[in-house]
Amino acid sequence: MQEEKLIEEIRALAAQRNALILAHNYQRDEIQEIADLTGDSLGLSLAAARTDKDVIVFCGVHFMAESAAILAPDKTVLLPRLDAGCPMADMITAEGLREMKQKYPDATVVTYVNSTAATKAETDICCTSANAVQVVRSLPPGEIIFAPDRNLGRYVASRCPERTFHFWPGFCPTHENLRPEAIKKIMAAHPGAPFIAHPECQPDVLELADHICSTSGMYEYVRNHPGPKFIIGTEMGILYRMRKENPDKEFILAGDVLICPNMKLIGLEDLRDSLLNMAPRVTVPQDIAKRARIALERMLAVPRES
Ligand code: 13P
Ligand code: SF4
C-alpha cells in the first residue's frame, strides 16, 4: 500500500516537473520498474543528451549524473542519493592522471566513463564497456593510457594486440571479488549453460567466459541465444529485467559477491523526495565540463559495439 502511494506520487511529480527518470541496469527492482528508461552507461548518457524534458533524475551513481549534466547542460540533473558513488571512479584523480600523462607524453588517454568529471577533463576520449574496443580501434596508431579500470583495459588490449597500453591500476570492487573457483563450481552444477561476463571482471574470470560484454550486450545475448540456462557474471540488479523479458529462460548469478552497495542506495522514497525538493542536484564547474564534454562527445561519435 505504502509502495503504491509512493509510485503514484512519483508519477505525478515526474509529470509536474517534466522529468525523465533514468535507471541503470544495476538499480533496485522497484526503481527499474518505475523508470522511463533503463540501460547501460552509454545508453543512459545518450538518453540524457537527447531528451527534451526539463529535468533528468538519474538513478545510478554520481559519475553517471555528472555525465548527464555535462551532456545536457541546460537541464536540471538530480541524483536521489548524493552518497551513491563509485569506488572505481574514486581510485583515480585528475592530478594522478596528469602525472601519468607526463610519464607517457605521446600516449592517447582513453578513460572509462566510470570516472569523475575532473578526470574526464584530462582525457582525450572516453569509453564505456559497450564501446571500449571500438573507441581504441578508432584512434590513430600509437600508445594508449587506459584509465581507471585495469580489467577493462586488459580486455581491450587483448582485442587490440597491435597497441601498447599503460594501465591505471583501478578496478570495480564488486566484479574484482568474483573468482574462478566459485564460477567453476556453478558451471559444473549447470553443464552447457553459457557463462557471460562483464569486462570489469579479472582476466582469469574472463578466460572462462563464453561471451564478454556490457550489461546491454548481455540482454541482447540472452534474447538471441536459445539457452535455456545462463550464468551471469555481473551485478545482480541485471537479473530483474532479464527474467522479466525471458520468462522461459533461467539465469544463475555467477557468485553471491556480485552486489554493488552504491547501486542499491536509491529507494522509492529517495526518488519521491528528490522530485519533490528538486535536490540533490548534480552540477559540474563550467571549465571542467567544457573539457570533459569534448572527451564524451568524441566517444559518442564512435559507432557502438556490445
Ligand atoms: P555498463 O552498464 O555500462 O556495462 O556499466 C557497468 C558498471 O559497472 C556501471 O557502474
Ligand atoms: Fe562502480 Fe563497480 Fe558499482 Fe559500477 S558496479 S558503480 S563500477 S563499484
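The values are calculated or read from the model by the stated rules, or taken from the named source; none is laboratory data. Note that the structure is predicted; figures quoted are calculated from it, not measured. Note that we place each Cβ from the backbone using ideal geometry, even for glycine, and neighbour counts take in every protein chain shown.
I'd like the full set of residues that are in a helix (DSSP H, G or I) and of a type outside the set (A, V, I, L, M, F, W, C), limited to the range 146-177.
Selection gives Arg150, Asn151, Gly153, Arg154, Tyr155, Ser158, Arg159, Pro173, Thr174, His175, Glu176.
Would you pick out the residues in the range 1-40 that are over 19 Å from Glu220 (Cα atoms) and among the hydroxyl-bearing types (Ser, Thr, Tyr)?
Within the range 1-40, none qualify.
Given the criterion touching a strand residue (DSSP E or B) at 6+ places or on another chain (Cβ under 6 Å), within 24 Å of Thr116 (Cβ to Cβ) and modelled with pLDDT under 95, identify the matching residue among Ala48, Ala23, Ala65.
Result of the check over Ala48, Ala23, Ala65: Ala48.
Please go through (1) away from ligand 1 (no atom under 16 Å from the Cβ); (2) free of Cβ contacts under 8 Å to residues at least 60 places away in the same chain; (3) more than 18 Å from Ile266 (Cα to Cα); (4) crowded, with 24+ Cβ neighbours inside 10 Å for Asp52 and return the number of the only condition it doesn't satisfy.
It fails just one condition, (4).
Which pairs have Cβ atoms under 9 Å, sit 6 or more apart or on different chains, and link a residue in the range 17-29 that is of a type in the set (Phe, Trp, Tyr) to one that is modelled with pLDDT under 95?
Cβ pairs passing all conditions: Tyr26/Thr215.
Restricted to the range 248-270, and to residues that are among the β-branched types (Val, Ile, Thr) and more than 15 Å from Thr174 (Cα to Cα), which residue is surrounded by the fewest Cβ atoms within 10 Å (Cβ to Cβ)?
Ile252
Just to check your reading of the model, which residue among Glu207, Glu250 is out of contact with any strand residue (DSSP E or B) (no Cβ under 9 Å at 6 or more places or on another chain) and more than 16 Å from ligand 1 (Cβ to nearest atom)? I'd like the intermediate steps shown before the answer.
Details: Glu250 fails: out of contact with any strand residue (DSSP E or B) (no Cβ under 9 Å at 6 or more places or on another chain).
It is Glu207.
Residue under question is Met187, and the condition is that it be farther than 18 Å from Val302 by Cα and within 15 Å of ligand 2 (Cβ to nearest atom); does it hold?
Criteria not met by Met187.
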